[in-house]
Every structure is written in structure tokens, then in C-alpha cells.
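Mind looking over this structure? Questions follow.
The values are calculated or read from the model by the stated rules, or taken from the named source; none is laboratory data. Since the structure is predicted, the reported quantities are computational estimates derived from the model, not experimental observations. A quick note on method: Cβ atoms are made from the backbone with ideal geometry, for glycine too, and the neighbour counts reach across all protein chains shown.
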């Protein structure tokens, strides 16, 4: 634990020096971190040994510490500053969570190029930071990596070249496989999966397709005109949906309210404090599975105020869930009575 604190402090010191245009004194670095100046001196020595080009200049008798802007021969080629490059190198642990297997090879090649711009000692220092700062991977979709990579390559070609395509797709909702003629508009990553948003002439609307359910995908020679798209994919949903948004009002009890209030769930949210610590949340989102799952996840702490049809949907889900648990209970009671 102590080593982790030391690494984080050294990283903060490096950032503070980089952000100080005219340099920064050891005394200030120490006071901001509530440590002894000797500790900061040891940290500066450690950063210097790690290859970071720190130096000091006397200003009115005080040593002001600075970081050379262009210390590495290959850094000029990237157009990045030292801290920008370090941040990118460190963030590869988070990018691994995002990219997933289909894009893993490309991401690794990109980071390999960045690595070559940093000295070995600096890389070793940065490699220790994930022990202190980490990201937790969320759930992601299972798929055949090789097949999905091939499908994605063709989907990307069709999207960039504006080429119509034919696609065989296995729908999870309808539980059937269907052939589509499609005009690919956008590829989006969301909720651990990669999705294709495409205009389907048969339905005269844009539909969302999970790429791992695409069985075959082929480009045709026909070219299409791209359709206007919102700036943000699935921007009107708490999950993966492109439906029409509507005003949603939910009340949360006092016990649940702090956990809801401390996070932005959607850009449209408005929170109004109520009596006894309760809050009212208004959202302008799609009434879809993601919204209902979010509401149900709060248990008795959440109550749908409007629209009425959403409240009825949630009640129906709760009743179905109650029956799932009630049936085994009745069976146990019956067996006990029979045994008695």
C-alpha cells in the first residue's frame, strides 16, 4: 500500500511540474501533498532515474523545478508532450477494457508505437501505476474473435465506402434468422458490444444490429447516400436503443437518493429535492429495456410517477418476478404438509 501511495504521489508531482509554466519550488510541492521536503527530493530523484528530464533553475535564490518539453528524440515525431505521451501509455490498461478482442491487435500496435518514444526506465515507472490505479472491466459480449474481426472489416468497408450490403442476421428478440438488404450508416461501441446502425429499405428506418449476431455480410456494387444521424449514438437511451424519447419521472426514497444523485445517468436528467430526503428525477429517454432494468435495479427505492404505461410495465415485471419465487415456495410447503 505504501508503495502505491508513493507512485501516485510521484505521478502527481510530475504532473504539477509539467503544469507549472515558470517552474515550481520543492516547498510548494511538499506543502500541497502534506509531506516533508526531503520526501519530495527523494521523489524527484526517483523520477530522474526513471528517465524523466527534470531540472531546476534558480529564481531569486529559490530552485524552481521544470520538465523539459522535448526531451526524447522520437517525441517530436508524435507531436505530443511528455505528460500527454505518459497519459496515453498509462491509459492502455483502460483501452484494453474498451477495445475488446476485435480491436485488440490494432490497439496493441498503436501503443507499441507510443512505447518506442519513451525510454525504458520511464516505461518501467509507468508500468507500476496500474497497481495503484485500475479500471474494472464491465460485462462484454462473447463472440468468435476471428469471425467477428472478418465481419467488422467488411462492415467498416461498407460504412466508409457507402456501399449497400446483404446480410444474414440471427435476431435474439424474434429468435429467427433473416436476410437483409442494408445501407450501413455507423458502427458504435456500447455496453460491451459493437453495433451496426443501418438503414433498412424494407422497413424505411434505421435499425440496430449486434455485430456478433451477423452470420454473413457481403458488399454489393450499389452506392447509397448517407442518412442524417444524431451526433451521439444511442443518445436518447440508457442503453442501446434508437427509439423515440419521452418524459420519464421517477421518485427515489431517502435511502436510495444519495446513490442516484451523485451520478449523471443521462444528459437530460433533472433532479428535484423532495421532503424527507426523497428526490424526483426527470429524464427524456426511450422507454426501453435498459430503462426498465435500471428502475427495477433500485428495488423498492424507486417508484415510476409517469408515464402510466411505464409504471404498469414495471409492475408487470415485478409480479412476474414474484411468481418466479412464489412457485418454489408453494412446492416446498406442499412437500412439508405431505410429509407430515
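Just to be sure I understand, how many residues within region 14-29 are surrounded by 14 or more Cβ atoms within 10 Å (Cβ to Cβ) and farther than 19 Å from residue 52 by Cα?
Residues meeting the conditions: 1.
With respect to residue 225, is the statement that it is in contact (Cβ under 8 Å) with a residue 60 or more places away in the chain, out of contact with any strand residue (DSSP E or B) (no Cβ under 8 Å at 6 or more places or on another chain) and surrounded by fewer than 18 Cβ atoms within 10 Å (Cβ to Cβ) true?
Judged against the criteria, residue 225 is a match.
If a residue must be out of contact with any helix residue (DSSP H, G or I) (no Cβ under 7 Å at 6 or more places or on another chain), closer than 25 Å to residue 191 by Cβ and assigned to a helix (DSSP H, G or I), how many such residues does region 259-308 contain?
11
Any residue that is part of a strand (DSSP E or B) and either closer than 21 Å to residue 235 by Cβ or under 22 Å from the mean Cα position of the chain (by Cα) (or both) - is there at least one of those in region 150-172?
No, because not a single residue in region 150-172 is part of a strand (DSSP E or B) and either closer than 21 Å to residue 235 by Cβ or under 22 Å from the mean Cα position of the chain (by Cα) (or both).
Exactly one of (1) assigned to a strand (DSSP E or B); (2) modelled with pLDDT under 90 is unmet by residue 231. Its number?
(1)
Condition check: surrounded by 14 or more Cβ atoms within 10 Å (Cβ to Cβ), at pLDDT below 90, within 19 Å of residue 289 (Cβ to Cβ) and touching a strand residue (DSSP E or B) at 6+ places or on another chain (Cβ under 9 Å). Does residue 236 satisfy that? Even if it seems obvious, please write down each step before you answer.
Numbers: surrounded by 14 or more Cβ atoms within 10 Å (Cβ to Cβ): yes; at pLDDT below 90: yes; within 19 Å of residue 289 (Cβ to Cβ): yes; touching a strand residue (DSSP E or B) at 6+ places or on another chain (Cβ under 9 Å): yes.
Considered against the rule, which asks whether it is surrounded by 14 or more Cβ atoms within 10 Å (Cβ to Cβ), at pLDDT below 90, within 19 Å of residue 289 (Cβ to Cβ) and touching a strand residue (DSSP E or B) at 6+ places or on another chain (Cβ under 9 Å), residue 236 comes out as yes.
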